[in-house]
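Shown next, in structure tokens, is the structure this report addresses.
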Amino acid sequence: MIDQRIVIVGGGHAAAQMCAGLVEAGMGGHTTLICGEAILPYQRPPLSKGFLKTLDEVAQLHRAETWYAAGGVTIKLGEPAIALDRTRRIVSLRNGEQIAYDRLVLATGGRARLLADLPAGLSNVATLRSAVDAQALRLQMNDCASMTIIGGGFIGLEFAATARSLGKQVTVAESAPRLLARAVSPEVSSHVLQVHRAAGIDIHLDARISGFEIDESRLAAIRLDGTRHETDLLLLGIGALPETGLAESAGLNCENGIVVDEYMVTSDPAILAIGDCTSFPDIGSGRRLRLESVQNANDQARTAIATLTGSRRPHNAVPWFWSEQGSLRLQMAGLPPANAERCKRPGNKPESFSIFHFADGVLCCVESVNAPLDHLMARKMLEAGRSPEAARVCDAAVPLKSLL
Ligand SMILES: Cc1cc2nc3c(=O)[nH]c(=O)nc-3n(C[C@H](O)[C@H](O)[C@H](O)COP(=O)(O)OP(=O)(O)OC[C@H]3O[C@@H](n4cnc5c(N)ncnc54)[C@H](O)[C@@H]3O)c2cc1C
């Protein structure tokens, strides 16, 4: 294994974790990282939060260039992989360079979803996925008084809270009847709605956008719930699509992501895939999932490292996620089934609480609002449910429901 050439295509959280694990395993000298962005892997979460508030804030790198050099990792920045020859095991870069691999890891992440009926290239319409996007956005925000966000999901609401904290007039248009509808319970949705409205954000639920008014290369106004609504800047926060182009053109199985097994191996045994771009079998829920979170990217990288270093073990991590929106810190551990029984437990501060979800009496998910200790405890308990080792150090799971 130590002689194998490992090539990682990516440059986000999953790729950074992969490099860390391979260096630790003494395989850094056999590792090449191909990163489409012209910057070393960096932290994406701050981009919708603090990064937007200060013009000179720089992206937070996972590791400095010297760390990769010391670990022996070869890095190709700013040249995306554009083709994959699975027979000859070669990746081609946009500049024509060809790189041979024995094992390939695809960590290509996702890209922002666009609106089909909005022309591309309008100067005041933005998406937020990369440091380049965030740098452009914060420059534009400087000159804007009013902003509209289409989509009341995590990125849209984080951006809305940040913009509001900068004194902007902010409108959010969400087509569903509640905020964060795909990710959190109705109780958390309604709390989030109340906090953002109290902060002065104008939120439209069940929003209907019936048209866009374009003035040369700018969006001048949108028609929202039958009313003309002028805006200086529009952010599309309507979710992300898995970046599967390279995998699909090479004939790998893809269905809402690059399909992998529990060891992160794709339909080609020489190729693994990890992070936002994958569709994987979740042992806990028995469902095939595609998750977009830092935790998922990191944990899948750990599983892939175990696969590559010959200590294969099935992926069995408890999913968890956090989001910061102004004064709100939301944390989720586990995944709620649709028919779960829910119990609300107040926290020790006025604006804090947790929702515990039980399926057939077994804890399966905890959502915490400004209650980080509940979240930590929930993660331990959910891990205990998945692994006998964790269960030995956490025996509080059984009596929990009767305590709530
Ligand atoms: C603004 C923002 C805020 C977020 N906030 C949170 C948060 O608070 N909490 C949380 O848990 N998660 C958050 N997320 C989600 C989290 O950042 C992602 O789940 C995580 O980055 C996924 O890591 P990844 O490595 O799979 O993909 P990414 O981080 O998206 O990295 C993919 C990389 O692959 C590169 N790439 C793609 N195709 C190619 C190619 N052909 N050749 C070479 N390189 C290629 C891309 O340029 C990119 O650099 C946030 C995401 C965004 C965008």
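I'd like to compare 244-252, 371-379, 346-354: which one has the highest average count of other Cβ atoms within 10 Å, and what's the full order after that?
Values: 244-252: 17.3, 371-379: 19.3, 346-354: 14.3.
Top to bottom by mean Cβ count within 10 Å: 371-379, 244-252, 346-354.
Taking +1 at the Cβ of each Lys and Arg and -1 at the Cβ of each Asp and Glu, which of H191, I214, L166 sits farthest along the dipole of the range 114-238 towards its positive end, judged by Cα position relative to the Cα centre?
So the residue we want is H191.
Note down the net charge around P119, summing +1 for each Lys or Arg and -1 for each Asp or Glu among other residues with Cβ under 14 Å from its Cβ.
-3
Between beta-carbons, use under 14 Å as the cut-off and find the net charge around R129, counting Lys and Arg +1, Asp and Glu -1. Can you show the working numbers first?
Details: positive: R44, R111, R113; negative: E37, D133, E158, E243, D276, E292.
Local net charge: -3.
Run the quick spin-label model on A70 and A100: label points 7 Å from Cα toward the beta carbon, then report their separation in nm to one decimal.
3.2 nm
Using DSSP to define loop residues, name the GluC sites (Glu not before Pro) in the range 27-102 whose beta-carbon has at most 15 other beta-carbon atoms within 10 Å.
Numbers: sites: E37, E57, E65, E97; in loops: E37, E57, E97.
Passing sites in the range 27-102 are E57, E97.
Rounded to the nearest 0.05, what FRET efficiency do R182 and E79 give with R0 = 45 Å and r taken as the Cβ-Cβ distance? Could you check? Please list the in-between numbers first.
Numbers: r = 35 Å, r/R0 = 0.78.
E(calc), rounded to 0.05, equals 0.80.
Considering only protein heavy atoms, with the full assembly of protein chains and a 1.4 angstrom probe, order T278, T108 by accessible area, largest first. All intermediate terms of the calculation are to be shown ahead of the outcome.
Details: T278 0, T108 40 Å².
Accessible-area ranking of T278, T108, largest first: T108, T278.
Evaluate E = 1/(1 + (r/R0)^6) for R223 and S327, where r is the Cβ-Cβ distance and R0 equals 22 Å; express this FRET efficiency to the nearest 0.05. Walk me through the numbers on the way to the answer.
On the way: r = 32 Å, r/R0 = 1.47.
Calculated value: 0.10.
Considering lysine pairs in the chain that are 8 or more places apart or on different chains, how many have Cα atoms under 23 Å apart? The partial results should precede the final answer.
Details: K49/K168; K53/K168; K344/K380; K344/K401; K349/K380; K349/K401; K380/K401.
For the chain, the number of qualifying lysine pairs is 7.
Where both residues lie in the range 114-238, what percent of DSSP beta bridges are antiparallel, nearest 5?
On the way: 10 of 24 bridges.
Among the beta bridges of the range 114-238, antiparallel pairing accounts for roughly 40 percent.
Roughly how many whole Å is it from the C-alpha centroid of the range 215-274 to that of the range 109-183?
Distance between centres, Cα-based: 15 Å.
The values are calculated or read from the model by the stated rules, or taken from the named source; none is laboratory data. Just so it is clear, the structure is predicted and the values come from calculations on it, not from any experiment. Cβ: placed from backbone, ideal geometry, glycine included. Neighbour counts: every protein chain shown. Heads up: the accessible areas ignore ligands, DNA and RNA and are worked out on the full protein's heavy atoms, side chains in. Shrake-Rupley method; radii C 1.70, N 1.55, O 1.52, S 1.80 Å.
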